[in-house]
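Colleague: Here it is: the structure, laid out below.
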Amino acid sequence: MSTPSTGSGSARRERAAALQAAKANAERRRRRIVLAAIVVVLLAVGGIIAAVTTSSSGSKKASPSPSPTGAPGPEGVAIQQGTPLAPLTKAAKGSTVQGVQCQSSEQPAYHIHTHLSVYVNGVLRPVTAGVGVVEPQSQQGANPPFYGATSCYYWLHVHTQDGVIHVESPTTQAYTLGQFFAIWGQPLTKTSVGPATGKLTVFVDGKPFTGDPAGIKLASREDVQIDVGTPVPFQPVDWSQSQL
């Protein structure tokens with residue numbers, strides 16, 4: 001009987017070691033492939049969740065973007081873009097309203113300006129041009145329209161669609177936002193602004209106002225913002241290009 005040679009046993013061991021190493025390499029490659037596949041799946045799921053969340057947030061209008069304002073108008077204040085809050089159909093026609101008279105000419109003795117913005121569910125609703133300007137007539141060639149009166153001017157009035165309320169009175173005295181809305185013929189309460197109704201969020205010069213908005217006193221270069229429904233971050237007016 002012959003005895004197996006030492007060289008033959010060594011070769012078998014080497015082949016076994018090589019086979020074991022090949023299996024180990026194959027297992028490592030398999031694990032890397034599986035891991036990569038898991039990462040791809042997780043990234044895809046994350047993308048789907050993000051898309052659904054974004055879509056859901058958008059549908060609920062959780063953080064609406066305010067409607068843009070346009071370029072500075074004839075008074076140097078940005079024109080408010082969008083559908084006006086209310087028409088002039090119910091506006092006063094010349095009779096005295098809450099102590100505010102309508103006169104044939106503007107009264108320069110006391111002359112200040114207050115800016116008003118109204119948002120309804122995140123959408124800017126411009127203050128209608130011509131409030132307090134009885135029988136308004138646009139100046140020829142004015143774009144956007146700038147209205148002058150052919151009958152009379154109330155001491156509180158608006159010439160163009162920039163949200164600027166002119167206070168022009170023969171005497172220095174306090175006037176309120178409620179008086180302006182009364183001239184407009186529109187309601188202003190804690191739950192309504194013209195035809196829009198709902199929860200109100202009010203800012204005066206960027207500070208929250210929790211009282212009756214009709215009682216807000218009109219002050220020089222004051223900035224009043226009223227949000228009906230979905231609140232909007234305070235949007236300050238830029239007076240820098242205005243001579244008002």
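Colleague: Give V118, V127 a once-over and let me know the one that is assigned to a loop (DSSP other than H, G, I, E, B), of a type outside the set (F, W, Y), under 29 Å from F234 (Cα atoms) and touching a strand residue (DSSP E or B) at 6+ places or on another chain (Cβ under 6 Å).
Modeller: V127
Colleague: Against the definition (surrounded by fewer than 18 Cβ atoms within 10 Å (Cβ to Cβ), hydroxyl-bearing (S, T, Y), in the same structural domain as E106 (by TED's automatic domain parsing) and touching a helix residue (DSSP H, G or I) at 6+ places or on another chain (Cβ under 9 Å)), how does T210 come out, yes or no?
Modeller: Considered against the rule, which asks whether it is surrounded by fewer than 18 Cβ atoms within 10 Å (Cβ to Cβ), hydroxyl-bearing (S, T, Y), in the same structural domain as E106 (by TED's automatic domain parsing) and touching a helix residue (DSSP H, G or I) at 6+ places or on another chain (Cβ under 9 Å), T210 comes out as no.
Residues checked against (1) of a type in the set (S, T, N, Q); (2) touching a His at 6+ places or on another chain (Cβ under 8 Å):
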| site | (1), (2) |
| --- | --- |
| I183 | no, yes |
| V193 | no, no |
| G198 | no, no |
| V202 | no, no |
| T210 | yes, no |
| P213 | no, no |
| D223 | no, yes |
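Colleague: Let me ask you something else. Would it be correct to say that K217 is farther than 20 Å from A86 by Cα and of a type in the set (D, E, K, R)? So that I can check it myself, show each step before the final result.
Modeller: Working: farther than 20 Å from A86 by Cα: yes; of a type in the set (D, E, K, R): yes.
Judged against the criteria, K217 is a match.
Colleague: Between V167, V232, which is closer than 18 Å to G82 by Cα and touching a residue at least 24 places away in the same chain (Cβ under 8 Å)?
Modeller: V232
Colleague: Do the conditions hold for S104, that is, is it exposed (fewer than 15 other Cβ atoms within 10 Å of the Cβ) and either in the same structural domain as G82 (by TED's automatic domain parsing) or in contact with a Pro (Cβ under 6 Å, 6 or more places away or on another chain) (or both)?
Modeller: For S104, the condition - exposed (fewer than 15 other Cβ atoms within 10 Å of the Cβ) and either in the same structural domain as G82 (by TED's automatic domain parsing) or in contact with a Pro (Cβ under 6 Å, 6 or more places away or on another chain) (or both) - is met.
Colleague: Somewhere in region 197-207, is a residue surrounded by fewer than 20 Cβ atoms within 10 Å (Cβ to Cβ) and acidic (D, E)?
Modeller: yes
Colleague: Report, by residue number, each residue of region 139-180 that is closer than 11 Å to L218 by Cβ, of a type in the set (S, T, N, Q) and in a loop (DSSP other than H, G, I, E, B).
Modeller: Hit for region 139-180 is Q173, nothing else.
Colleague: Given the criteria touching a residue at least 60 places away in the same chain (Cβ under 8 Å) and not basic (K, R), does Q186 qualify? Explain how you work it out, then say what you get.
Modeller: Details: touching a residue at least 60 places away in the same chain (Cβ under 8 Å): yes; not basic (K, R): yes.
Considered against the rule, which asks whether it is touching a residue at least 60 places away in the same chain (Cβ under 8 Å) and not basic (K, R), Q186 comes out as yes.
Colleague: Hand me the list of strands (runs of 3 or more DSSP E) wholly inside region 189-244 holding 2 or more residues that are touching a Ser or Thr at 6+ places or on another chain (Cβ under 6 Å).
Modeller: 222-228
The values are calculated or read from the model by the stated rules, or taken from the named source; none is laboratory data. These figures come from a predicted structure and were not determined experimentally. For neighbour counting, all protein chains shown are included, and Cβ atoms are generated from backbone atoms with ideal geometry for every residue, glycine included.
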